[in-house]
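Below: one structure, written as structure tokens.
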Amino acid sequence: DRQTLVAVLQFLRRSNLRESEEILRREARLLGDDLGGSVATVATSSPGVAAAAAVPPGKGEARGDCGVGPSSRREPREVGSSVSSPSSKITHSGDVSAVVVEDQPDVSAVLSAYNQQGDPTLYEEYYSGLKHFIECSLDCHRAELSQLFYPLFVHMYLELVYNQHESEAKSFFERFHGDQECYYQDDLRVLSSLTKKEHMKGNETMLDFRTSKFVLRISRDSYQLLKRHLQEKQNNQIWNIVQEHLYIDIFDGMPRSKQQIDAMVGSLAGEAKREANKAKVFFGLLKEPEFDVPLDDEDEEGENEEGKPKKKKPKKDNVGSKSKKQDPNAPPQNRIPLPELKDSDKLDKVMNMKEAARRVRLGPECLPSICFYTFLNAYQGLTAVDITDDSSMIVGGFADSTVRVWSVTPKKLRSVKTAADLSLIDKESDDVLERIMDEKTASELKILYGHSGPVYGTSFSPDRNYLLSCSEDGTVRLWSLQTFTCLVGYKGHNYPVWDTQFSPYGYYFVSGGHDRVARLWATDHYQPLRIFAGHLADVTCTRFHPNSNYIATGSADRTIRLWDVLNGNCVRIFTGHKGPIHSLAFSPNGRFLATGATDGRVLLWDIGHGLMVGELKGHTDTIYALRFSRDGEILASGSMDNTVRLWDAVKAFEDLETDDFTTATGHINLPENSQDLLLGTYMTKSTPVVHLHFTRRNLLLAAGAYSSQ
């Protein structure tokens, strides 16, 4: 009996018998950590049954950590509370009920909150009454209160359908669906197909809407006005929905304008709560390791042969001196374990520094040259592209389930010799790395077979020894670029995997998919190390922060989340896009994030303050590629509208208003016009841009497949 269990657990907690409580919880499978992320507003801030407490929503959120099971679709259900809906408030204070984890959300429990029904014929009257009141209120309140239209419309419609008033529901939908904001059209299309109670069982959209409270940010004055109106009219039906299904984040101060609200709304569950973006984020860069001198000596001998002896010496010194200063916003160096640098990595870093010395300084006066790699005759359907950091190889993932790797330098791709041949090689010779390569295998293109579905994401490891690919078949594969064979297939996602990316330090990688979660892996573990659960729809793109301590994920729920790799917590939720997110890019200094979506807008975010700081308009179709130049002066965006656009990132991020008031209330003031940030637009003949990459010297490489239509 669950209630007895809960009572016993509470008794053990009060008596400080932690171990017994843990054992009982394990036996009874009351897994507190397995709360399916912040899908349901369940808090851990109250002294209750260890993290399995469900307290009134809105105090905090329990999110999945590394101990989360394979299914992200788990949602908590409260037991022992007066109403069995996950978002209902628990009336008895002090008493905390436990959360039982089940494989499938119990739909009847989720829907039962729709039981308290009013007179179905009056729903239209209630809604139009409220609409009239809001439209006649003062301008300053009208914009804020208009945010109520959409969530109320959805809940009232669902309530009518659930209580089997089908004709009333239909007429309600037809009368008011045209009043909703244009960016909710896709959701409304799904909603219009739910016309019978039976349709609601197991419908994902339905469950999302029910289990996550829709968040509205409203000033205290506007809220009081609304409350007074609903109480005077005794409009309990609407008041119940507001109490039951909406989370109103009230702030003190001036109401926000229509532009300010429009910039931030549009996601599946409304805006982010202000609390969600308060945690401290270490967005600074880690200190570069300093190299031993012998490595440099060998290097200079090599340089002498080329006849350019003195080029690197001064550069090395100032890089060394610069790296001694620790960035005040950087995470502790050992906050997460990072792999040791191998000698080859150090050589590569030295090469990188030499290249950086010859890097072109970009700016409005000096735009990069763009080299476009067009995939011709790509009848297999190009679905993903990546380019190595040193720009020596390019990989394409295709819809025919192949992964193809090209060399883009005159140096051909070669495999390592067979074991028998390797045993004959003198291991002490200087050119042993050359000798182990089999010249007979040299070619410009290698095709990797192994996936059984379209390949949606590819990523080279920083040391260029490995390649990741993820596919519709639910696996992520790790390929060796020495032997061009598959080393591991990582199975954790049960559904298509849309994106994968290596950490900038190698070893770790992230994947995100249709099962709504992102997973953090290490190349030498079969199981994921962390599961990041919280998105309400597919995780469509993933990116590591340059310091590798954080991961950004973009989703079809139209939000971007930033996750802490150390503990699996969600530390930022960014809302504002009006369509699924398809591209993410961190600025090289780690302070900013740029995101692109199907709405054709690029949004810029200040990670430290958790604020939107810019909006770049110009593209007319989905933005699939974003990349900052190596020094961060220029942001390049590539879109399905067949253009590459270059934006002035320095200007976009200067003079930011991030005072305490803005941070506290989210009153962001975006410049009216982003055209003065646009430095150039470059059309292709008929090639959508799917990938962008700046070489170490700031030449911009772009890639896409020519489409004949």
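Tabulated values for the structure
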item	result
Criterion: within 23 Å of Lys617 (Cβ to Cβ) and without any contact (Cβ under 8 Å) to a residue 60 or more places away in the chain - qualifying residue of Ser587, Ser555	Ser555
Verdict on Leu445 being of a type in the set (A, V, I, L, M, F, W, C) and crowded, with 19+ Cβ neighbours inside 10 Å	no
Conditions (1) of a type outside the set (Val, Ile, Thr); (2) open to solvent by 30 Å² or more (accessible area, probe 1.4 Å); (3) part of a loop (DSSP other than H, G, I, E, B): number failed by Asp348	(3)
Top-ranked residue in the range 357-389 [being within 30 Å of the chain's Cα centre (by Cα) and either assigned to a helix (DSSP H, G or I) or among the aliphatic types (A, V, I, L, M) (or both); ranked as farthest from Ala522 (Cα to Cα)]	Leu367
Hits in the range 464-492 (condition: closer than 14 Å to Thr402 by Cα and assigned to a loop (DSSP other than H, G, I, E, B))	Glu472, Asp473, Phe484
Top-ranked residue in the range 132-156 [being closer than 14 Å to Asp179 by Cα and not aliphatic (A, V, I, L, M); ranked as farthest from the chain's Cα centre (by Cα)]	His132
For Ile447: the one exception among (1) in a strand (DSSP E or B); (2) more than 22 Å from Ala378 (Cβ to Cβ)	(2)
Only listed residue being crowded, with 17+ Cβ neighbours inside 10 Å and either on the phi < 0 side of the Ramachandran plot or at pLDDT 90 or above (or both), chosen from Thr681, Thr695	Thr695
Test: residue in the range 221-236 that is buried (at least 20 other Cβ atoms within 10 Å of the Cβ), closer than 21 Å to Glu275 by Cβ, in contact with a Lys or Arg (Cβ under 7 Å, 6 or more places away or on another chain) and assigned by the TED database to the domain that holds Ser137	no
Test for Asp430: is it open to solvent by 30 Å² or more (accessible area, probe 1.4 Å), within 30 Å of Tyr379 (Cα to Cα) and acidic (Asp, Glu)	no
Test: residue in the range 357-379 that is modelled with pLDDT under 85, in contact with a Ser or Thr (Cβ under 8 Å, 6 or more places away or on another chain) and open to solvent by less than 80 Å² (accessible area, probe 1.4 Å)	no
Lone unmet requirement of (1) modelled with pLDDT of 85 or more; (2) open to solvent by 10 Å² or more (accessible area, probe 1.4 Å) for Val100	(1)
When residues of the range 515-552 are limited to those that are β-branched (Val, Ile, Thr) and not in a loop (DSSP other than H, G, I, E, B), the one nearest to Phe283 (Cα to Cα)	Ile551
Flag if Thr500 is open to solvent by less than 20 Å² (accessible area, probe 1.4 Å) and either in a strand (DSSP E or B) or in contact with a Cys (Cβ under 6 Å, 6 or more places away or on another chain) (or both)	yes
Candidates Ser452, Ser443, Ser459, filtered to the one that is small (Gly, Ala, Ser) and farther than 30 Å from Arg530 by Cα	Ser443
Filtered residues of the range 180-192 (kept if assigned to a helix (DSSP H, G or I) and open to solvent by less than 70 Å² (accessible area, probe 1.4 Å))	Tyr183, Tyr184, Asp187, Leu188, Val190, Leu191, Ser192
Hits in the range 604-633 (condition: of a type in the set (Val, Ile, Thr) and either open to solvent by 10 Å² or more (accessible area, probe 1.4 Å) or farther than 23 Å from Asn329 by Cα (or both))	Val613, Thr620, Thr622, Ile623
Residue check, Leu468 free of Cβ contacts under 8 Å to residues at least 60 places away in the same chain, closer than 26 Å to Ser583 by Cα and out of contact with any Asp or Glu (no Cβ under 6 Å at 6 or more places or on another chain)	yes
Subset tally (residues that are farther than 23 Å from Tyr150 by Cβ, within 24 Å of the chain's Cα centre (by Cα) and open to solvent by 20 Å² or more (accessible area, probe 1.4 Å)) for the range 237-285	6
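So that you can scan it fast, the table gives a plain yes or no per residue for (1) small (Gly, Ala, Ser); (2) without any contact (Cβ under 8 Å) to a residue 12 or more places away in the chain:
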site	(1), (2)
Leu424	no, yes
Asp430	no, yes
Asp438	no, no
Thr458	no, no
Ser461	yes, no
Leu478	no, no
Leu487	no, no
Tyr490	no, no
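The values are calculated or read from the model by the stated rules, or taken from the named source; none is laboratory data. Worth saying up front: this structure is predicted, and the values here are computed from it rather than measured. Counting neighbours? That spans all protein chains shown, and the Cβs are built from the backbone with ideal geometry, glycine included. Please note that ligands, DNA and RNA were not included when accessible areas were found on the heavy atoms of the full protein model with its side chains. Shrake-Rupley method; radii C 1.70, N 1.55, O 1.52, S 1.80 Å.
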